[in-house]
Every structure is written in structure tokens, then in C-alpha cells.
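Engineer: To start, I am sharing the structure in question, which I have written as C-alpha cells.
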Amino acid sequence: MSGLIILIIVVVVLAVIIFTMYNTLVGKKNQVENAFGSMDIMLKKRYDLIPNLVAAVQQYMQHEAGVLKEVTELRARAMGAPMSSDDAVELNNQIGRALGGIMVAVERYPDLKATENFQQLQRSLNEVEEQISAARRAFNASVTDYNNAVEMFPTNMVAAMMSYRRRHLFEIPDAEREAPSVKELFAQ
Amino acid sequence: MKTAGDLQRFYDNELLPVLTDLEKRRKAIFRNIVIAFAVVLFVAGAIGACSLRSQGSPTALIMIAVLGIMALVTIGMFLSKGFIRDFKISVIGRVAGYCDPNLSYLPESYVSRAEFESSTLFKQGIDRYRGEDLGSGQLGKTAVRFSEVHAEYKTTTRDSRGRTRTQWHTIFKGLFFIADFNKHFSGRTVVLPDTAERFFGRFGQTLQNMNLSRADLIKLEDPEFERQFVVYGTDQVESRYILSTSLMRRILEFQKEVDAPLHIAFVASQIYIAVSTRKNMFEPRIIKTILDIDLIQEYVEDLQFAMGMVEDLNLNTRIWSKA
């Protein structure tokens, strides 16, 4: 009789453990989605700044009309039809590079740089870039957390049963990691 | 950058006259304390000898010794109180002006208890809150306030004979520093010394995650930072926006320089730093001469340490939306 009770207790305890692990995994998966959403929010903040930036800079930077046009087009594409996440990432990286290029080019227009409007925009842009960086770091942290749960014992057994797989970290491509080459930008 | 030559000039031209006057007072006070010491010693000795002869037990002797010491300390404090206050106003006030004309110094003021509690760095309820030596001003683009703070809580125990004993425990003792932070943020982030992870490793992190009195655990990428500190914050992204990789490096450098427990909080676009130093800063000397440039040098170093936090943590870099 007591043997049966012990068996029941063991089964119940095991069930509780497995349910807890299941819930932990689901929680971590959702946290990854959440962090991905945060990245999106920050990226959209950057899209919102682009029209103001282009308007402020257009009159002064006549030579740079090409780059300004490019960034406006990139923004339109980003806000337009939904695309695969790889394409979205590549697009956002391009926008980042284009904006970087514009900010470097502004160095040649001290009149523009001195205007309060531009300085305000520059601050907002710096802030958005840092927030995007923070969102990416937060995303990577939640992916690492999730990957740890999926691969480490004992949660890896439950993860296998749920078909949860490792996810990729957000990586900054090598091209963007290099600081924009000023010479190259001026040549454009 | 102030040089040794600058300090010598400042000492000779501005401080020496003030110090010379105060030195006379110090000598008088010291003499009085020595006399008081002799008197107390004599009286205590006499009473002790009498009680020893009549009772023969050492407990009375010990009690008399304790009372004697307490009397001495009280007398010493009473005699030197006015001197200490005047010294602080005339000497340390000038030293503060020398370090930075924008810095003002008030010896009897301190960071308010409300400000201390709003940092949420120390969750323990406070029963006694004291402080002194408030420095405040605008250093570059950053408004700062800092003072020495001593916060304590008490426990009352009842022993077997029914007597209640009140014991005081220190929550925080040291330098408490508040400054304008260079970024806007709306939530709360708290950086605490990391004891659990150092002792328990990965399991320590699980324990930290379960801390109910704190917000969400924020796991950061810098492994050295993670070893030294544990971070809790109300928003994962915002905490990382505040704790950029460069700020984490700077905090680590600062920790190495300070070599004392550091508690940092980011609340309402301000940064709160609590440095648990054991040293009582900005105190005059009673026993040794105060006509000593090394003493002044020490005050300068202590003030520059407090002010230096602005530069060390790059708070004057205002390239984001907060001017």
C-alpha cells in the first residue's frame, strides 16, 4: 500500500518538474519574440526620423542628392510590403550605412551643422542608434537564454519533445562593423 | 588640472592665515582634553581603588573604566564641536572653492533621507539617518549633490533576564552621490555588488533571478561586469540603453579605483552612486597640528574623488536628446 503512495508521489513530482520546464521554455521563447518586437519598434523610430533629416539637409547638401534619394527609397521599402526577416535585416543595415554616410558628409557643411534644427536631429539620431543597439543586445540576451534552455540538461529533453530548436543571434555584418570609409563616401 | 604648485600657493595665500587662528584654538582644546583625561583617570582610579578595597570584585572596576571612557568621549566631543564646525566652514569651504568655483559646501547639510530612499538601493527600513558635508553645484553640464551618509536600522532583543537590548546595524555608511544623467529614461535600473554569482556561479544567477524584492534580472554581455555586479531593471532594452558597453567599462574602472562596495541606481533620469567607504572624510585633526599641507591635500583628493565621478562616468557627454 505504502509502495503505491510513494509511486504516486514520485509521478506527481516528476509531472510538476516537467510542466515547470515546459513553461520555462515557452516563457523564454516568448521573451525572444518580445525582444524581436522591441528591435522593430526602435527601427521604426529611425524610419520616422528620416524624412525630417532629409528635409533639413536637402537645401544645403546639393551634391549629396543621390545619397538622400537612396535613403528615402530604402525607408519607403522598409515601411512598405512585409518581407522575410533576412531581407528586413539587410535593409535595415543598408539604412544604417546610408545614414552614417550622410552624417559624415555633413562635416563638410559647417553652416548646416551649426543650425539648431540639425543639431536636434543629430541628437535624436544618436539616441535612436543607441536604442537600436540596446534592443539588439536585449534580443541577443534573450536568444542566449533560450538557447541555453534548449541545449542544457535537463531542459534539453523537454525541448526536444517540443521540437524547440536553437535560434540565431543577431549579428552585425562585417561590412557595417567597419567604420564608413570617408574617402569612399566623398567619392560617391 | 591643479598642480602641486597651485596647491602650495593656495595654501600659503588663502589658508595659512585661517589655519593659524584655528591652530591656536586647536591647541587650547587639545590641552583641555588632556586635562580632562587626567582628571577622569584620577577620579576613576580613586573610585576604583575604593571599590576594590570594599568589594574586591573586578566587575565594578570594569564598569568604572567604561563610564570613564564614555565621559572622556563626551567631554571631547563637547569641547571640539564649535571648533570642528568653524574649521569646516572656513577651511573646507575654501578648499571646495579652490577645487571648483562652482562647488558649494555646507558642513551640516546632507543628502535628504527622501532622496536616499528614492534611489531604492537599500531596501532595509531606516531607523536612524545622519549625514554631513554636503557638496553641490554644476560641474560642466552636470548638476551634482553628494554628502556623507550614515543610515542604520535597529534590532531590539530581550535577553533571558528580561532586559531589552537595542543594537544598531549599518545599512550604509559612506559617500552618497547624485547627478544628472546624460540620457532620458523612464524606468529604473539598479546595479548592485554581485556576491551570489561569485560564490555560486551559474546557480547564483538562478538565485538572483528569484529575488522578489527587485525588478527583472538583466544579464549583460560583459563577463567581467557580470562577475562584479548584478543588474535589475524594469525594462530590458532601457537598462541596456543606459548601460552601454562603454559605461560598463567605465564603471569597472571606477570600481577598481575605489576598491569599496559600489551601489549604483538609475532613477528618474538621475544617477545615484553609493560608495561604502569606512573613512570619515573632511574631518579636522584635534591631536596633530592642522598646519599641514598634506592634510589639505587629503581634503582636495577626497573632493576631487567625488567630483571626478562626473568625468569618470562621462556624464558631461551630452550627444543624446538630453542636453
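Laboratory data are not the source of any read-out in this text; all were calculated from the coordinates shown. Everything numeric here is computed off the predicted structure, so don't read it as measured data. Here the Cβ is made from the backbone with ideal geometry for all residues, glycine too, and neighbour counts use every protein chain on show.
Engineer: Once both labels are modelled 7 Å past Cα along the beta-carbon direction, what's the A:V104-B:F199 spacing in nm?
Structural biologist: Result for the modelled spin labels: 5.2 nm.
Engineer: With r defined as the distance between the Cβ atoms of B:A114 and B:K279 and R0 fixed at 25 Å, what FRET efficiency is calculated, to the nearest 0.05? Before the final figure, lay out each step's value.
Structural biologist: On the way: r = 26 Å, r/R0 = 1.03.
E(calc), rounded to 0.05, equals 0.45.
Engineer: Please report the relative contact order for region A:15-187, taking Cα pairs under 8 Å with a sequence separation of at least 6, and give it as a percent rounded to a whole number.
Structural biologist: RCO, region A:15-187: 34 percent.
Engineer: A further question on this structure: Could you tell me how far the Cα centroid of region B:75-128 sits from the Cα centroid of region B:187-232, in Å?
Structural biologist: 32 Å
Engineer: Of the listed peptides A:126-139, B:89-102, what is their order by residue-averaged count of other C-beta atoms within 10 Å, with the highest listed first? Walk me through the numbers before you get to the answer.
Structural biologist: Numbers: A:126-139: 21.1, B:89-102: 18.3.
Ranking the peptides A:126-139, B:89-102 by packing returns A:126-139, B:89-102.
Engineer: Next question, about the same structure. Taking the Cα centre of region B:29-187 as origin, sum charge times position over the Cβ atoms of Lys and Arg (+1) and Asp and Glu (-1), and report the length of that vector in debye to the nearest 20. Write out the running numbers ahead of the final one.
Structural biologist: Details: 19 positive and 12 negative charges, 99 e Å.
Dipole about the Cα centre, nearest 20: 480 debye.
Engineer: Let me ask something additional. Kirkwood Rh, region A:15-187, all Cα pairs: how many Å?
Structural biologist: Numbers: mean 1/r = 0.0544 Å⁻¹.
Result for region A:15-187, one decimal place: 18.4 Å.
Engineer: Moving on. Applying 1/(1 + (r/R0)^6) with R0 = 60 Å to the Cβ-Cβ distance of B:K141 and B:A46, what FRET efficiency is obtained, to the nearest 0.05?
Structural biologist: On the way: r = 65 Å, r/R0 = 1.09.
Computed FRET efficiency for B:K141 and B:A46: 0.40.
Engineer: For the protein assembly as shown, what does the helix formula give at 222 nm: sum of -39500 (n - 2.57) over DSSP H segments with n ≥ 4, over the residue count, nearest 500 deg cm²/dmol?
Structural biologist: -19500 deg cm²/dmol
Engineer: How would chain B be classified by its alpha-carbon gyration tensor: rounded, prolate or oblate, with rounded meaning a/c under 1.5 and the a/b versus b/c comparison settling the rest?
Structural biologist: oblate
Engineer: Exposure proxy check: B:W320, B:W168 ranked by fewest other beta carbons within 10 Å?
Structural biologist: Values: B:W320 20, B:W168 10.
Least crowded to most crowded, the residues run B:W168, B:W320.
Engineer: Also, quick follow-up: From other protein chains only, count the Cβ atoms within 10 Å of every residue's Cβ in B:208-221, then give the mean. Numbers along the way, then the final one.
Structural biologist: Values: counts 0, 0, 0, 0, 0, 0, 0, 0, 0, 0, 2, 5, 2, 4.
Rounded to a whole number, the mean comes out at 1.
Engineer: Work the Kirkwood hydrodynamic radius out for region B:76-139: mean of 1/r over every pair of different alpha-carbon atoms, inverted, in Å. If you can, show how the numbers build up before the last one.
Structural biologist: Working: mean 1/r = 0.0732 Å⁻¹.
Result for region B:76-139, one decimal place: 13.7 Å.
Engineer: In region B:114-136, whose amide N lies under 16 Å from the spot 7 Å out along Cα-to-Cβ of B:T164? List them in ranges.
Structural biologist: Residues B:127-128 qualify, since their backbone N sits under 16 Å from the label point.
Engineer: To the nearest whole number, what is the average tally of beta carbon atoms from other chains within 10 Å of the beta carbons of peptide A:114-127? Walk me through the numbers on the way to the answer.
Structural biologist: Working: counts 0, 0, 0, 0, 0, 2, 2, 0, 2, 6, 2, 3, 4, 7.
Per residue, the number of nearby Cβ atoms from other chains is 2 on average.
Engineer: Exposure proxy check: B:E257, B:E132, B:E23 ranked by fewest other beta carbons within 10 Å?
Structural biologist: Working: B:E257 11, B:E132 19, B:E23 15.
Listing B:E257, B:E132, B:E23 from fewest to most nearby Cβ atoms yields B:E257, B:E23, B:E132.
Engineer: Tell me, in nm to one decimal, what length is gained between B:T234 and B:L207 on full extension, where the rule is 0.36 nm per residue of separation less the Cα-Cα distance? Don't jump to the answer; show the numbers that get you there.
Structural biologist: Working: separation 27, 0.36 × 27 = 9.72 nm, distance 1.82 nm.
Full extension of this stretch gives 7.9 nm more.
Engineer: Ok, one more. Please work out the C-alpha center-to-center distance from region A:1-21 to region A:26-52 and express it in whole Å.
Structural biologist: 42 Å
Engineer: Once the piece of chain linking B:S321 and B:A65 is laid out straight, how much longer is it, given 0.36 nm per residue of separation minus the C-alpha distance between them?
Structural biologist: On the way: separation 256, 0.36 × 256 = 92.16 nm, distance 6.37 nm.
Stretched out fully, the B:S321 to B:A65 stretch lengthens by 85.8 nm.
Engineer: Of the listed pairs B:K256/B:K322; A:K69/B:K183; B:K81/B:K123; A:K45/B:K322; B:K141/B:K183, which have alpha-carbon separations greater than 23 Å here? Working shown, then result.
Structural biologist: On the way: B:K256/B:K322 29 Å; A:K69/B:K183 32 Å; B:K81/B:K123 33 Å; A:K45/B:K322 17 Å; B:K141/B:K183 12 Å.
Violating the 23 Å Cα-Cα cut-off are B:K256/B:K322; A:K69/B:K183; B:K81/B:K123.
Engineer: Sticking with this structure for a sec: Roughly how large, in nm² to one decimal, is the mean projection of the convex hull of the alpha-carbon atoms in the protein assembly as shown?
Structural biologist: Working: hull surface 152.8 nm².
So the Cα hull casts an average projection of 38.2 nm².
Engineer: Taking a label point 7 Å from the Cα of A:F170 along the Cα→Cβ vector, which residues of region A:104-134 have an amide N closer than 19 Å to it?
Structural biologist: The answer is A:124-134, whose backbone nitrogens lie closer than 19 Å to the label point.
Engineer: Pulled fully out, how much extra length does the chain show between B:E301 and B:S54, if you take 0.36 nm times their separation in residues and subtract their Cα-Cα distance? Can you show the working numbers first?
Structural biologist: Values: separation 247, 0.36 × 247 = 88.92 nm, distance 5.60 nm.
Taking 0.36 nm per residue and subtracting the Cα distance, the gain is 83.3 nm.
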